[in-house]
Amino acid sequence: MRAIVVSNFGGPDSLRVTDIPEPRPGHGEVRVNIAARAINPIDILLRSGALRDAVPERQFSVPGFDFAGTVAAAGPGVAGLDVGSAVIGISPWFTTHAGSYADEIVVPADAVALAPASADAVAAATLPLNGATAWLAVDAAQAAPGATVVVTGAAGGVGGFAVQLAAARGARVIGVAAPGDADLLGDLGATALVPRDADLASELARIAPQGVDALIDAASLGRIDLVRDGGRFVSVLAPAAPAPERGVTIETVQHTPDGALLARLAASVDAGELTPRVARVLPLDQAPRGHELFETGGVRGRIVLAD
């Protein structure tokens, strides 16, 4: 089958198309015929060599974590995932080293869930990795009615989902993003936008004089000073988590291939609480171009590789 592989770490041109053996599902596993996969920051890190210590020495690696497609085969012990079922999933890459930049993938059955009925495969492919991270972050922030939650990087993949989920739980959400993202954040449920190049502390003191109960740091700014004493600071990247101070609780969230969580995300899409955003669609063999566009920045929504 066709796959995009990395043999030598480097720039986007280190991605190449090749044929690899078709995977076969074992006990408790499913083989998914992939229709679409989103490009995520971790794909860039794997390709560039930034995570070389986590990549075993081998002839090549197939990048890619999340995907949408249909079940092509199921191994023994799998129930509830019939052949032909539309699914979304996250590869447990650091365990299996099986990436989604391929025509097919084999993953544990509990790493996938039925896809949202209201989204096509391209839109659904933007959901798993970013949606799971955002859901865990909103949980850690304890977003609830009466709470004021700030989301940095609020127009991005994780941040946009976090804004929607926190607003759906009744929190007052303030987004930190570019000034031009005001309309987008309003549509996502934010009550106010603070320009990312503004004096954040002064602006938040003006908008939320009672203080910020929690900050979801999707932009990895590390600004614990923006949170009130005894509040909560949620990092989505461990190296960017600040040292605790003033009784502020620090939590770092990391996605896991959790089918039950993916099912909740799919239900949230069907309920209108989450809106997948697709910036551009490219064929799989144009993965190098997709990485170039991603690294250029300024993309609102995910770049999706689909055929």
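The values are calculated or read from the model by the stated rules, or taken from the named source; none is laboratory data. Every value quoted in this text rests on a predicted model; they were computed, and no experiment measured them. Every residue, glycine among them, receives a Cβ derived from its backbone with ideal geometry; neighbour counts consider all protein chains shown.
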Give the residues of the stretch 225-264 that are outside any loop (DSSP other than H, G, I, E, B) and under 15 Å from VAL151 (Cβ atoms), sorted by residue number. LEU226, ARG232, PHE233, VAL234, SER235, ALA240, GLU251
With the checklist (1) surrounded by 24 or more Cβ atoms within 10 Å (Cβ to Cβ); (2) part of a loop (DSSP other than H, G, I, E, B) in hand, flag the one item VAL87 doesn't pass. (2)
In the stretch 112-146, which residues are modelled with pLDDT of 95 or more, surrounded by fewer than 24 Cβ atoms within 10 Å (Cβ to Cβ) and in contact with a Gly (Cβ under 8 Å, 6 or more places away or on another chain)? ALA121, ALA144, PRO145
Being at pLDDT 95 or above, touching a strand residue (DSSP E or B) at 6+ places or on another chain (Cβ under 6 Å) and charged (D, E, K, R): is that true of ARG232 here? yes
Condition first: more than 30 Å from GLY272 (Cβ to Cβ), assigned to a helix (DSSP H, G or I) and assigned by TED's automatic domain parsing to the domain that holds ARG280. Can you find one or more residues in the stretch 96-111 that meet it? yes
ARG206 meets each of (1) surrounded by fewer than 24 Cβ atoms within 10 Å (Cβ to Cβ); (2) on the phi < 0 side of the Ramachandran plot; (3) in contact (Cβ under 8 Å) with a residue 24 or more places away in the chain with one exception, condition (3)
Under the condition of being out of contact with any helix residue (DSSP H, G or I) (no Cβ under 8 Å at 6 or more places or on another chain) and not in a loop (DSSP other than H, G, I, E, B), which residue from the stretch 291-307 is modelled with the highest pLDDT? LEU293
Going through GLY175, GLY159, GLY186, GLY153 one at a time, which residue ends up being in the same structural domain as VAL138 (by TED's automatic domain parsing), closer than 19 Å to LEU204 by Cα, surrounded by fewer than 20 Cβ atoms within 10 Å (Cβ to Cβ) and out of contact with any Cys (no Cβ under 6 Å at 6 or more places or on another chain)? GLY186
Within the stretch 265-290, take every residue that is assigned to a helix (DSSP H, G or I) and assigned by TED's automatic domain parsing to the domain that holds PHE67 and give me the one that is farthest from ALA219 (Cα to Cα). ASP285
